[in-house]
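The values are calculated or read from the model by the stated rules, or taken from the named source; none is laboratory data. Everything numeric here is computed off the predicted structure, so don't read it as measured data. Here the Cβ positions follow ideal geometry from the backbone for every residue, glycine too, while neighbour counts run over all protein chains shown.
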Amino acid sequence: MTVASLVEVAMAEVSAHAREAAVAMTIEPTDATLGALVRGVRLAAMTDAEWNAIHAAFLDRGVLVFPGQFLTDAEQMDFGRRFGELMIESQPFSNERADGSLRGKDDPVMQLFRGNESWHTDSSFQPVSAKASILSARKVPATGGETEWADMRAAYEALDDGMRHRVASLCAHHSLYYSQQRIGAAGDTTAKGLAELHGVAGSASASAEDDGGASLPGYRQEQVVPLRPLVKVHPETGRPALYIGRHAHDIPGLSEEESGLLLEELVEFGCQPPRVYGHHWQVGDVVIWDNRRVLHRARPWPPSEARAMHHTRVAGDPATETALNVH
């Protein structure tokens, strides 16, 4: 082979590598009314143009799935900060302890995870609710453990005129202690689970267990229970969505029974195809979702298998996400 031929082959190889590196990011919507799979981007090193497209897709689709990212904790936090200030920077969500043993079903942390198998939106029970949440998969079970999201914007749009009129002026209180008690987890169990899950160390952990979670801001059992409208207008898109889920209860002006029946009806109606997307996790996957638009829930998995996720949560803007009765 001549020198010229060798150079030509080398240049062809360089060109092929360049084309591979320059593969454009793709955003493929799911068949549901929400969700999209995003490929061809490295979240740890995305360009401004890629970020702009991702942010636009986040507002348009509500849930974005990024397969095979394998982010470090620091990289996941950096990605979250693109969306705003973080209220939870880096938090393991796992049934596996540091020593490799698995938590039993009555473990306080597992009681929180069991609650999360019902439809909810993150931090609606706190004075300022969350803007977005990020999960990454570090260890996944062979079966089960999926996460599902439901589109409350599409749910609102699908309501008949009578129901839209009925819910337009209604509000509901949101409480983690209420929702946990509904599954049989007492207040002290919830406080202990929160203390361990949030990594409250030393005396602070003991305090959280003793005072009903008062040392964990936003989780106190005795605090003002946030009151939020059943219909939320998205602060960036201007489009309304139902704001409901397992933490919602006690609608002012309705009896306890009427309130419960209405909220259950709305969740049952809203969380149906084509308004639901379910993701089967693979190690390395990253998903971000808009808490102002979607509900989500975890699906059960065999207790003999480990499931380790890592969580980052983006704080809501106090101007738009503060509860009506918090000043």
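Assorted remarks:
- Flag for SER205 being modelled with pLDDT of 95 or more, among the polar types (S, T, N, Q), in a helix (DSSP H, G or I) and over 30 Å from PHE70 (Cβ atoms): no
- The residues on offer are GLU236, GLU264, GLU305, and the sole one that is of a type in the set (Asp, Glu) and under 20 Å from MET87 (Cα atoms) is GLU236.
- Residue within segment 156-171 that is under 15 Å from the mean Cα position of the chain (by Cα) and either among the hydrophobic types (A, V, I, L, M, F, W, C) or in a loop (DSSP other than H, G, I, E, B) (or both) present: no
- Residue that is modelled with the lowest pLDDT [pool: residues in segment 124-144 that are surrounded by fewer than 22 Cβ atoms within 10 Å (Cβ to Cβ) and outside any strand (DSSP E or B)]: PRO127
- Among the residues of segment 67-91, those identified as farther than 22 Å from THR26 by Cβ and in a loop (DSSP other than H, G, I, E, B) are THR72, GLY84, GLU85.
- Note on segment 13-48: among residues that are small (Gly, Ala, Ser) and either loosely packed, with under 10 Cβ neighbours inside 10 Å or assigned to a loop (DSSP other than H, G, I, E, B) (or both), the one that is modelled with the lowest pLDDT is ALA18.
- When segment 245-263 is filtered for residues that are closer than 18 Å to TYR177 by Cβ and of a type outside the set (S, T, N, Q), the ones remaining, listed by number, are GLY245, ARG246, HIS247, ALA248, HIS249, ASP250, ILE251, GLU256, GLY260, LEU263.
- If only residues of segment 221-251 that are part of a loop (DSSP other than H, G, I, E, B) and out of contact with any helix residue (DSSP H, G or I) (no Cβ under 9 Å at 6 or more places or on another chain) are counted, the one that is modelled with the highest pLDDT is GLY238.
- Each residue in segment 82-106 was checked for being of a type outside the set (A, V, I, L, M, F, W, C), farther than 18 Å from PRO235 by Cα and in contact (Cβ under 8 Å) with a residue 12 or more places away in the chain, and 9 pass.
- Matching residues, segment 295-327, being assigned to a loop (DSSP other than H, G, I, E, B) and of a type outside the set (A, V, I, L, M): ARG299, PRO300, TRP301, PRO302, PRO303, SER304, GLU305, ARG307, GLY316, ASP317, ASN325, HIS327
- Count - residues of segment 35-81 that are within 24 Å of PRO235 (Cα to Cα), within 18 Å of the chain's Cα centre (by Cα) and of a type outside the set (A, V, I, L, M): 10
- Among the residues of segment 271-282, some residue qualifies, meaning at least one is at pLDDT 95 or above, within 30 Å of VAL140 (Cα to Cα) and of a type in the set (A, V, I, L, M).
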